[in-house]
Each structure stands twice: as structure tokens, then as C-alpha cells.
Amino acid sequence: MGWERVRHSEIPRGFSVERARYAQRRIAELVIEEDFVGTHVRRAAGVDVSFRENYAIGVAVVVDRDTFSVIDVSIAKTEVRFPYIPTLLG
């Protein structure tokens, strides 16, 4: 496990916070809140990202569904060229 530097693309011209929020609301409508996972699923993953100054740090953790033993962890850090916009990712 270690840090991985990630290359990123520039923000495309015409990026709109309003359109991004609209897309986020549309995606949120697709969330399924009831449990429907059968026993065939053996692993689960969780991801998160944090912002500090001009950097974003993301992490993904894969665990065994039954024992919660950590199977894999990946951490990435990248410089961001746009300001953090509260609630846009959450």
C-alpha cells in the first residue's frame, strides 16, 4: 500500500456547477435504499475523497463481506485546479 500520483484532465470548457448539481440530483434518484444483496456477493468496497488546499486524496477499501477483513486498499493523491464545491460530491 502506498501513494499513487494520479494525472487528471483539465476541466472542460463550459463546465457548469448548476448542470453538475442537476446531474447529481438525477443520479441520487437512482439510489436503492433497501437491501437486495444476496449471498453471492463476497466483497464490498467503500470509497472517499478529501480535499486540502490544492490537493485531493482518495481512498478505496475492499473488504470481505462476512469477516470485514481488509482485502485491498488503494490511496491516490492529485493536485486539483479548481476549488472544492461543498455538497457537489456529497
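The values are calculated or read from the model by the stated rules, or taken from the named source; none is laboratory data. Predicted model only: the values in this text are computed from it and were never measured. Because the Cβ atoms are built from the backbone with ideal geometry, glycine has one as well, and the counts that use them run over all protein chains shown.
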Checklist entry - Restricting the search to segment 17-39, which residues are β-branched (Val, Ile, Thr), without any contact (Cβ under 8 Å) to a residue 12 or more places away in the chain and in a helix (DSSP H, G or I)? => result Ile27
Checklist entry - Within segment 40-58, restricting attention to residues that are outside any loop (DSSP other than H, G, I, E, B) and not aliphatic (A, V, I, L, M), which residue is nearest to Ile85 (Cα to Cα)? => result Phe51
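For every residue, the table says whether it meets (1) touching a Pro at 6+ places or on another chain (Cβ under 6 Å); (2) surrounded by 10 or more Cβ atoms within 10 Å (Cβ to Cβ); (3) not β-branched (Val, Ile, Thr).
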{"site": "Thr39", "(1), (2), (3)": "no, no, no"}
{"site": "Asp48", "(1), (2), (3)": "no, yes, yes"}
{"site": "Ile75", "(1), (2), (3)": "no, yes, no"}
{"site": "Glu79", "(1), (2), (3)": "no, yes, yes"}
{"site": "Pro86", "(1), (2), (3)": "no, no, yes"}
Next on the checklist: Taking the conditions exactly as written (of a type in the set (Ser, Thr, Tyr) and surrounded by 12 or more Cβ atoms within 10 Å (Cβ to Cβ)), does Ser69 satisfy them or not?
Outcome noted: no
Checklist entry - Checking Thr67 against (1) under 16 Å from the mean Cα position of the chain (by Cα); (2) at pLDDT 90 or above, which test does it fail? => result (1)
Checklist entry - Any idea which residue in segment 59-90 is farthest from Pro12 (Cα to Cα), counting only those that are in a strand (DSSP E or B) and touching a residue at least 24 places away in the same chain (Cβ under 8 Å)? => result Ile71
Item to check | So Glu10, is it at pLDDT 80 or above and assigned to a loop (DSSP other than H, G, I, E, B) | outcome: no
